[in-house]
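Only one structure is covered here, and it is reproduced in the block below.
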Amino acid sequence: MPSPLFEIIELFNRRQLAAPQRLMPRRSLNEHVLKSSSPVPVILATDISTKVLKKAVNGIYPLKALEKLDKSLLKRYFLKGKNSNNGIVKLKKDIVNMVTFKRLNLMDNFHFQKGFDVIFCRNVMIYFDTVTRQDIVRKFYGMINPGGCLIIGHSESLNGIQHSFNYIQPTIYRK
Ligand SMILES: C[S@@+](CC[C@H](N)C(=O)[O-])C[C@H]1O[C@@H](n2cnc3c(N)ncnc32)[C@H](O)[C@@H]1O
C-alpha cells in the first residue's frame, strides 16, 4: 500500500503536522521536493523483503485497495488502467522517482548520514518483542531531526517502551 506517502502529503496539506518551518515548509510534499535545492533523495522507503520492495517500485495496485484514499489524491497521483488493466492503478512516475527504495533489516545496526524529518514505521514492530522494539525506537530517535516525527500504525503504541519522544496523538510522536 502506498498510503504512508499520501498520509504525509495529507497531514502537511491539512496542517495537522505543524513541523518547524526550518525542517519542512507547510506546502505539499511534492512541491517541497521539487523546490528543494538538496540533491539527495528526500524519501527513503525500506523493507527487509526484496519482493515487497519490487512491488513498491512498480507502484501498481488494485483500485479496490485504494478505495479509502481521497478521490482528488487518487486523480492527482495515479494513472487509471484501461481495457485489460481496468480496475488497476499505477503510481505516477514523478512520485515513484521521489523515492529511493532500499533493503533494510530494522534489527541491524543501520546508520544514515542525514537525519529524517519523519519516519513512518507502521505495522512492522508488532512482530517484535519489547526489547527489539525498544532498540528500534531508540535508533529511530537518534535518526530523527529535532521537531521531526515518528508515525506508527493505528493498532500500535509505544506503551511499555522507554523513549524520549513527545506523544502528539495516537500514532504520532515528536522528537
Ligand atoms: C504488515 S506489513 C506492513 C507494511 C506497511 N508498513 C503498511 O503499514 O502497510 C510488515 C512489513 O514489515 C516487513 N518486515 C518484517 N520484518 C522486518 C525487519 N526486521 N526489518 C524491516 N522490515 C521488516 C515485512 O517484510 C512487511 O513488508
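The values are calculated or read from the model by the stated rules, or taken from the named source; none is laboratory data. None of the values given here were measured: they were computed from a predicted structure. Glycine also receives a Cβ, built like all others from the backbone with ideal geometry; neighbour counts cover every protein chain displayed.
The figures follow:
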{"read-out": "Residue match in segment 160-174 (condition: part of a loop (DSSP other than H, G, I, E, B) and within 30 Å of residue 63 (Cα to Cα))", "value": "yes"}
{"read-out": "Failed criterion for residue 127 (all others in (1) more than 18 Å from the chain's Cα centre (by Cα); (2) at pLDDT 95 or above; (3) within 16 Å of the ligand (Cβ to nearest atom); (4) not β-branched (Val, Ile, Thr) hold)", "value": "(2)"}
{"read-out": "Close pairs from segment 138-160: first touching a residue at least 60 places away in the same chain (Cβ under 8 Å), partner within 13 Å of the ligand (Cβ to nearest atom) and of a type in the set (S, T, N, Q), Cβ under 9 Å, at least 6 apart", "value": "151/171"}
{"read-out": "Condition check for residue 84: closer than 26 Å to residue 172 by Cβ, loosely packed, with under 11 Cβ neighbours inside 10 Å and free of Cβ contacts under 8 Å to residues at least 12 places away in the same chain", "value": "no"}
{"read-out": "Residue 119 being closer than 20 Å to residue 52 by Cα and away from the ligand (no atom under 14 Å from the Cβ)", "value": "no"}
{"read-out": "Helices (runs of 4 or more DSSP H) (entirely within segment 1-103) containing at least 2 residues that are modelled with pLDDT of 90 or more, under 19 Å from residue 120 (Cα atoms) and under 15 Å from the mean Cα position of the chain (by Cα)", "value": "50-58"}
{"read-out": "Count - residues of segment 119-159 that are among the hydroxyl-bearing types (Ser, Thr, Tyr) and part of a helix (DSSP H, G or I)", "value": "4"}
{"read-out": "Pairs, first farther than 12 Å from residue 136 by Cα and among the hydrophobic types (A, V, I, L, M, F, W, C) in segment 100-124, second part of a loop (DSSP other than H, G, I, E, B) and more than 10 Å from the ligand (Cβ to nearest atom), C-beta under 9 Å, six or more apart", "value": "118/17; 118/19; 118/24"}
{"read-out": "Condition met for residue 132 (under 16 Å from the mean Cα position of the chain (by Cα), of a type in the set (Ser, Thr, Tyr) and within 16 Å of the ligand (Cβ to nearest atom))", "value": "no"}
